[in-house]
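The values are calculated or read from the model by the stated rules, or taken from the named source; none is laboratory data. Here the structure is a predicted model, which means the values were calculated and not measured. Ideal geometry is used to build each Cβ from the backbone, glycine not excepted, and the neighbour counts take in all protein chains shown. Just so you know, the surface numbers come from the protein's heavy atoms only, side chains and all, with ligands and any DNA or RNA stripped out. Shrake-Rupley method; radii C 1.70, N 1.55, O 1.52, S 1.80 Å.
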Amino acid sequence: IVLAVFVAAFFFAPELFEAAAHWVAAILIFVIIGAVVFINAYLVGNQDKQDRVKRQRFHRGYRVIAWAMVGSLLAALVVAALGKLGHLQGGSWNIPVFALETALLLEFAVFWALQTVELWNYADRNALIPEDKQATMPPL
């Protein structure tokens with residue numbers, strides 16, 4: 001659906017596409033990335049096949065990264081507001097948006113590295129969650 005909307009906008013509303021494509025794509029990808037980090041923080045709490053101290057350390061690490069991503073967004077909004085933003089194409093957005101995208105990418109890289117360390121010896125996270133808990137967990 002998203003791809004169809006992008007293609008339609010590209011052909012039928014090129015001015016709108018040019019003005020909004022980056023914003024829409026960036027917002028969608030970072031919302032998805034943030035959701036992945038929050039979901040992993042949730043799932044770690046359901047792992048019983050891992051040492052409790054180790055599990056708590058990863059759970060805390062994922063939560064810190066997830067909330068750091070939210071903090072980065074809030075900080076960028078404050079900086080942009082202090083820069084007297086008036087229009088999304090205004091110059092006061094350039095530095096906060098670049099800084100936000102950079103921060104979110106770095107935070108995701110830290111998450112990815114932490115997850116790699118945690119799951120190094122496992123095919124995926126399901127290997128650490130007992131089957132009875134997997135059956136009772138809400139679908140994500």
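Key figures
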| read-out | value |
| --- | --- |
| Residues Arg52 and Asp124, FRET efficiency given R0 of 22 Å [Cβ-Cβ distance, rounded to 0.05] | 0.60 |
| The chain - accessible surface per residue (Å², probe 1.4 Å) | 67 Å² |
| The chain - percent of accessible surface contributed by carbon and sulfur, probe 1.4 Å | 72 percent |
| Net dipole in debye of the chain [+1 Lys, Arg Cβ; -1 Asp, Glu Cβ; about Cα centre; nearest 20] | 540 debye |
| Per-residue HN-Hα couplings for region 117-131 [Karplus 6.51, -1.76, 1.60; θ = phi - 60°; Hz; x = Gly/Pro] | 4, 4, 9, 3, 9, 10, 5, 6, 5, 4, 5, 9, 9, x, 4 |
